[in-house]
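As structure tokens, the structure follows; a few thoughts come after it.
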Amino acid sequence: MTPDATCIGAKETALDATKKMTELGVGALPICGTDNKLKGMLTDRDIVVKVLGTGKAPQVKAGDLAQGKPVTIGADDEAETILRTMSRHKVRRLPVIDGHTLVGIVTQADVARALPDPAIGDLLEAISA
């Protein structure tokens, strides 16, 4: 897990998010509401496709780009649960929640560093299909 995930506020803009992603050297940020609860994930691809690709202004709010209920895992979930969740939902990043608090993110790279080769191959196949 990558600890201490930095959120983009739901009321901050897509432009703010791109600046924060650039500053942090990341391709995704969790979207957090004013109540500090996770509202979704925002990726660099989301900004390109949902903002620039549709002609929206970069001042669109990050919260407006969140879709549905975010897929998360618990802080004490086992590796098998993480793999199953990533595969089932075809996601490369999973916010890690302890109660209602965001404590980190498990990325595809985290999984690749921690698991044996066959499990990694299965995950990549499931996500990419």
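A short reminder: the numbers here are calculations on the coordinates, not readings from a lab. All of these numbers come straight from a predicted model, not from anything done at the bench. Methodologically, a virtual Cβ is constructed for each residue, glycine included, from the backbone with ideal geometry; neighbour enumeration extends over all protein chains shown.
Using helices alone, I'd like the mean residue ellipticity at 222 nm for the chain: each DSSP H run of four-plus residues gives -39500 (n - 2.57), total over residue count, nearest 500. Could the numbers behind the result be given before it?
On the way: 5 runs with 45 residues, N = 129.
Computed mean residue ellipticity for the chain: -10000 deg cm²/dmol.
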For this session: At a Cα cut-off below 13 Å, give the aspartates and glutamates reachable from Lys61, other chains included and same-chain residues fewer than 8 away excluded.
Result: Glu12, Asp16, Asp46
Seminar exercise, completed: Residues of region 7-46 with backbone N under 15 Å of the label point set 7 Å from the Cα of His100 along Cα→Cβ are 32-40
For this session: For the chain, would you read off the P(r) tail past 25 Å as a percentage of all alpha carbon pairs?
Result: 25 percent
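Starting with the fewest neighbours, write out Val48, Val91, Val106, Val71 ranked by other beta-carbon atoms found within 10 Å of each beta-carbon. Walk me through the numbers on the way to the answer.
On the way: Val48 12, Val91 19, Val106 24, Val71 16.
In order of increasing Cβ crowding within 10 Å: Val48, Val71, Val91, Val106.
For each of Lys90, Lys37, count neighbouring Cβ atoms within 10 Å of the residue's Cβ, then give the residues from fewest to most.
Details: Lys90 11, Lys37 14.
Least crowded to most crowded, the residues run Lys90, Lys37.
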